Amino acid sequence: MAIILVHIEPLEERYSKQWLDDLKDKVDVILGSTEEQVIKDGEFLDVYDTNLFKLNQGIDIINYVRTHKLTKDDTIFFLDLWNPVVTMLGYVRDCMNLDFKIAGMLHAGTWDEWDFLSRSGMGRWAKGLEYSMIQVADKVIVATEFHKELIRKDIMEFTNIIVEDFPIFTDDIVLDKKNIVVFPHRLAPEKDVDYFWNVAKQYKKKYNDDTVFIESVGNCKSKQDYYNLLAESKVSFSSAKQETFGIAMLESLNLGCIPVVPNRLSYRETLPGYTYNNIEEAIEMVRDGIMNWKRPKKYTVNNFDNILKRLK
């Protein structure tokens, strides 16, 4: 069995470079540029660059399939199945009557009204493309039952979708904890940073202590700075309206933050016991985390072994 990896752009600011670093010695072939890329102006991605990356990657994939005799035991594995190259690959496989597997991980799509794709207006045409991407794949991996159900409700129920935890990588940093509440997300509408600052305002009005509320974006110049901030904070806070797994909150949990998350989305699965229902509960949970901090139990999945086993 060979695993041919089709990875995501290696971005230090995100998780994708860590994922590639973990997989490079566990897969047989890597297709696409492994040169580290840089996000401009703190964006989630560069729309032009990501499409150019995928187009060039597509050339590598089609040429690889044409020049190598793949078998039914070989899998072409996409770290992000939301990739138009998936349908091109399915086209080649069916037309040429080839016998290899296609698998991939799904992160987000227009089935989520708060996702960037939906907010960009792609929902009016992308549903058919998303249906095709999922149908082409032999195995589709999502991180939570919540995400699987979201797809079922918006598109249809697929029998090839598997729920499996995504990897979480954090350095083993030990720093003295301070009275800091950190917002670890990017500053995008679906993360709702305004709610965080409203909590901060109401908290300070009720408890006039030395607690500091801070956004990670703009205060961290590198991934290491980000990890250091999480390692010295007592509480991490989310008010997200869109979350299918929650890597930022799980990273902060593993670095010793008490997570405070809304009682919705994937958080009900990944962080049960840390959810709030309204702003009053959120304030009291923050206060308890600051005053009675105790290191929480880590989220244990920290590599790709569990997912690679699913590809067999």
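The values are calculated or read from the model by the stated rules, or taken from the named source; none is laboratory data. Predicted model only: the values in this text are computed from it and were never measured. Methodologically, a virtual Cβ is constructed for each residue, glycine included, from the backbone with ideal geometry; neighbour enumeration extends over all protein chains shown. The accessibility values were calculated without ligands, DNA or RNA, using every heavy atom of the protein model including side chains. Shrake-Rupley method; radii C 1.70, N 1.55, O 1.52, S 1.80 Å.
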Notebook entry, point to check: Among the residues of the range 74-84, is there at least one that is farther than 30 Å from A240 by Cα and of a type in the set (A, V, I, L, M)?
Noted result: yes
Next item on the list: Report whether or not K177 is among the basic types (K, R), over 17 Å from L106 (Cβ atoms) and without any contact (Cβ under 8 Å) to a residue 12 or more places away in the chain.
Entry: no
Check: Name the residues in the range 85-102 that are under 19 Å from L52 (Cα atoms), among the aliphatic types (A, V, I, L, M) and free of Cβ contacts under 8 Å to residues at least 60 places away in the same chain, would you?
Finding: V86, M88, L89
Notebook entry, point to check: Given the structure, is K101 modelled with pLDDT under 95 and within 19 Å of I4 (Cβ to Cβ)?
Noted result: no
Item checked: Candidate set from the range 214-249 (those that are polar (S, T, N, Q) and outside any loop (DSSP other than H, G, I, E, B)); member that is surrounded by the fewest Cβ atoms within 10 Å (Cβ to Cβ) -> Q224
Check: Can you tell me which residues in the range 198-224 are more than 17 Å from F183 (Cβ to Cβ) and more than 26 Å from the chain's Cα centre (by Cα)?
Finding: K205, K206, Y207, N208, D209, D210
Check: Could you give every pair whose Cβ atoms fall below 6 Å, whose first residue belongs to the range 61-84 and is in contact (Cβ under 8 Å) with a residue 40 or more places away in the chain, and whose second residue is of a type in the set (D, E, K, R) and not in a strand (DSSP E or B), counting only separations of at least 6 or pairs across chains?
Finding: N83/K54
Check: Could we say that E284 is of a type in the set (D, E, K, R), modelled with pLDDT of 95 or more and more than 26 Å from K17 (Cα to Cα) here?
Finding: yes
Margin query: So K298 ticks every box in (1) open to solvent by 50 Å² or more (accessible area, probe 1.4 Å); (2) at pLDDT below 95; (3) under 16 Å from the mean Cα position of the chain (by Cα) but one. Which box is left unticked?
Written below: (3)
Note to self: Under 7 Å between Cβ atoms, which residue pairs at least 6 apart in sequence (or on different chains) link something in the range 278-291 that is within 13 Å of K201 (Cβ to Cβ) with a partner that is open to solvent by 10 Å² or more (accessible area, probe 1.4 Å) and part of a helix (DSSP H, G or I)?
What the structure shows: I279/N198; I279/Q202; I283/Q202; I283/K206
Margin query: Looking only at the range 20-37, count every residue that is on the phi < 0 side of the Ramachandran plot and part of a loop (DSSP other than H, G, I, E, B) and tell me the total.
Written below: 9
Check: Of (1) more than 20 Å from the chain's Cα centre (by Cα); (2) modelled with pLDDT under 95, D305 satisfies all except one. Which?
Finding: (1)
Notebook entry, point to check: Out of G123, G104, G109, G128, which single residue is surrounded by 15 or more Cβ atoms within 10 Å (Cβ to Cβ) and either more than 25 Å from the chain's Cα centre (by Cα) or assigned to a helix (DSSP H, G or I) (or both)?
Noted result: G123
Item checked: Every pair of residues 6+ apart whose Cβ atoms lie under 9 Å, when the first sits in the range 298-309 and is touching a residue at least 60 places away in the same chain (Cβ under 8 Å) and within 20 Å of I102 (Cβ to Cβ) while the second is open to solvent by 40 Å² or more (accessible area, probe 1.4 Å) and outside any helix (DSSP H, G or I) -> F304/K26; N306/D165; I307/D165; L308/K26
Checklist line | Top-ranked residue in the range 177-213 [being surrounded by 17 or more Cβ atoms within 10 Å (Cβ to Cβ) and among the aromatic types (F, W, Y); ranked as nearest to Y15 (Cα to Cα)] | finding: F183
